[in-house]
Amino acid sequence: MNLRHITLHQLRLFNSLAKHLSYTRAAEEMHLSQPAMSIQIKRLEESVGLPLVDKVGMKIFLTEAGTELAETTLDVLDRLDSFNVDMLQLDKRIKGPLKIGAISTATYFMPHLLGLFLRNYPDVKPNLTITNQATVIQRLEENIDDLVVMGRKPDHLELESEEFLDNPLVVIAPINHPLAKEKNISLERIATERFISRELGSGTREALRRLFSEHGLEVKPYMELGSAEAIKQAVMVGLGVSVMSVHNLQLELEVDRIAVLDIKYFPLKRKWYVVHLKGKKLSSVASHFRDFLIEEGEKICSVNKANKSS
């Protein structure tokens, strides 16, 4: 039994399952697929060390351990709801300016997360600056922003940082590229392609350089472009291949406009960080937003892992 591995997300899922006694209805309520729900409940059982549900025919029943956990979970969630009400009363004081800097590849999720935060704290006055890596680092050095969101932290600065979101990098190509249907493509093979890259200093470009250098390879950019959108357009019309965060590709992948190539050592596993200068005293607004990013990132990562397992 290892209760430390149980997450609040899993308890909420189990609470829904105990209420409905139906994986289908619980999955619908929690906005998950049924396989993803089943995987999370199985992981919860592994943490508890005992079966929580029995399936008899088409029906499911709570075991003795499941009944005990259901009662405990309900008590925990009720107490958290009461705590949340109390905190909302205190959080009426959360207002004022919030300055955030972020590198340009965060364009595809930062406005969304900031919007969610503002629903809870409408009196916050945000200022979001999205720009390139070099400018973000300069703003960080000059302490312009309350918080900075970036994928690669500069080595020359002393920072307080928290990782909050996975940032997997993949190789993309036109949908009709000859390698689109091949599996386990070697780095040597992909190195012969024309690479479209971000500007020098980009975190994505540096991650690619390091990987190829570790294997005695070098990729010289065929073309440099200043934004993820420009790179996607160039790839889609067949000018070359590129490396990009999965977060930047949701729309194109949904409508089959870009192919993700199956390359050895990819996806490159990277993280998104929320950072500030070491010793900097955060305002109440900035502190709340940092905690919000970490909490939301955990939810997103949990759902993504469950969906991959299913």
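Just so you know, all these numbers are worked out from the coordinates, no wet-lab data involved. Note that the structure is predicted; figures quoted are calculated from it, not measured. Please note: Cβ atoms are built from the backbone with ideal geometry, for glycine as well, and neighbour counts cover all protein chains shown.
The antiparallel fraction among DSSP beta bridges confined to the chain stands at about 60%. Note on His112 and Met223: their simple-model spin labels are 2.7 nm apart, each label 7 Å out from Cα toward Cβ. Given +1 at the Cβ of Lys and Arg, -1 at the Cβ of Asp and Glu and no other charges, the dipole of the chain around its Cα centre is 500 debye to the nearest 20.
Test of understanding: in a Gaussian network model of the chain with alpha carbons linked when under 10 Å, which of Met58, Met223, Met37 would top the mean-square fluctuation ranking? Looking only at Met58, Met223, Met37, the biggest GNM fluctuation is shown by Met58.
Within the same chain, lysines fewer than 8 places from Lys125 are excluded, and of the rest, those with a Cα less than 21 Å from its Cα are Lys92, Lys95, Lys99, Lys280, Lys281. Structural size metrics of the chain, computed from C-alpha coordinates, are Rg and Dmax of 22.7, 65 Å.
Note on Glu182 and Lys264: the extension gain reaches 28.4 nm, defined as 0.36 nm multiplied by sequence separation minus the Cα-Cα distance. Within straight-line reach of Lys278, meaning a Cα separation under 20 Å, sit the following aspartates and glutamates at least 8 residues removed in sequence or on another chain: Glu141, Glu142, Asp145, Asp146, Asp155, Glu158, Glu160, Glu162, Glu163, Asp291. Of Val56, Val285, Val124, which has the largest mean-square fluctuation in a 10 Å C-alpha GNM of the chain? Looking only at Val56, Val285, Val124, the biggest GNM fluctuation is shown by Val56. Extending 7 Å from Cα along the Cβ direction at Leu128 and again at Leu159 yields two label points whose distance is 1.9 nm.
Computed per residue of the chain from DSSP H runs no shorter than four, each worth -39500 (n - 2.57), the mean residue ellipticity at 222 nm is -14000 deg cm²/dmol.
Couplings 3J(HN,Hα) for segment 18-35, derived from phi with the Karplus relation 6.51 cos²θ - 1.76 cosθ + 1.60 (θ = phi - 60°), are 5, 6, 8, 6, 7, 5, 5, 5, 5, 4, 4, 5, 9, 6, 10, 6, 4, x Hz, where x marks Gly and Pro.
What the Cα atoms of segment 3-90 give is an Rg and a Dmax of 13.5, 49 Å.
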